[in-house]
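Input: a single structure, listed below in structure tokens.
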Amino acid sequence: MKILAIDTATEMCGAAITDNEVLIAEHRLNRKNMHNETLVTTIDGLLTLAGQQLDDIDAIAISAGPGSFTGLRIGYSVAKGLAFSHGIKIIPVNTLDVIASNVAFWQGDVVVAIKARSTECYIAKYQIAARPKRLTDYMLINLAELQTILSEGTLFIMNPHGFIAQISGCRVADVELAVSRPANIARLAMTREPVAPELLEPGYLSEFQPKRKKSIMAD
């Protein structure tokens, strides 16, 4: 099965093409606020590089959140547009699962955290085997609660890397293990069920709250 994976849930904007879990092509750009400018051209470039057309693709796998509200909306809009126009099914994959799959080598528990608002993060806890086995629900918690979930022997992965300055009692994963990879989205999608495009909604876990503009005080 040929899969086009789309990744816009975090600061990473990327895409990949796989064929039965064999990676054909992958592109990743780890810069803020570039999703809207680069996603469509990235997909077009990958298809050309791989010698494929959208009609050759069997499924679109998308990083389903939680993560950036704006990034998720962009990714979902592009995925739905391609799905409707080319009759392709969409397979959502939770972003926390995608990051957890970076550490298949780890023996023990893993906690993945994605930055939410300034005092909150999205998390899930996993036990790593051939594929990550999730031990908890996907949760939105206050940063003050995080330390109670971590324990000695736990590998802690945070995205973006370093957004929590002080963590104790666990091992913190290196920066290269904290990014979301489109190739992993495609690989995990092989075990997930497709969702009709009209029913697909991002996994926000929390409601969008627009940032307030700073007021300007008159002299």
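So, with +1 on the Cβ of K and R and -1 on the Cβ of D and E, and no other charges, what is the size of the charge dipole of the chain about its Cα centre, to the nearest 20 debye?
Working: 21 positive and 23 negative charges, 96 e Å.
That gives a dipole near 460 debye.
Assign unit charges at the C-beta atoms only (+1 for Lys and Arg, -1 for Asp and Glu), then state the dipole size of region 96-177 relative to its Cα centre in Debye, rounded to the nearest 20. Before the final figure, lay out the partial values.
On the way: 7 positive and 8 negative charges, 27 e Å.
That gives region 96-177 a dipole magnitude of about 120 debye.
Based only on other Cβ atoms within 10 Å, what is the fewest-to-most ordering of Leu46, Leu199, Leu135?
Details: Leu46 21, Leu199 7, Leu135 12.
Lowest to highest Cβ neighbour count: Leu199, Leu135, Leu46.
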Can you tell which of Ile91, Ile62, Ile149 shows the greatest fluctuation in a Gaussian network model of the chain with Cα springs below 10 Å? Ile149
Listed by chain and number, the residues whose amide H is under 5 Å from that of Ile24, excluding neighbours fewer than 5 places away on the same chain and using placed H, are Ile17, Thr18, Asp19
Which order do the peptides 72-79, 10-17, 139-146 take when ranked by the mean count of other beta-carbon atoms within 10 Å per residue, highest first? 10-17, 72-79, 139-146
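For a 22 Å ceiling on Cα separation, which of these pairs sit above it: Lys2/Lys80; Lys32/Lys115; Lys32/Lys125? Before the final figure, lay out the partial values.
Working: Lys2/Lys80 17 Å; Lys32/Lys115 14 Å; Lys32/Lys125 26 Å.
Flagged as over cut-off: Lys32/Lys125.
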Return the label of the correct value of mean projected area of the Cα convex hull in nm², as calculated from the structure shown, out of (1) 13.9; (2) 17.6; (3) 16.5. (1)
Rounded to the nearest 500, what is the chain's calculated 222 nm mean residue ellipticity when only DSSP H runs of at least 4 contribute -39500 (n - 2.57) each, over all residues? -7500 deg cm²/dmol
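Any read-out appearing in this document is the output of simple, stated calculations on the displayed coordinates, not a laboratory observation. All of these numbers come straight from a predicted model, not from anything done at the bench. Every residue, glycine among them, receives a Cβ derived from its backbone with ideal geometry; neighbour counts consider all protein chains shown.
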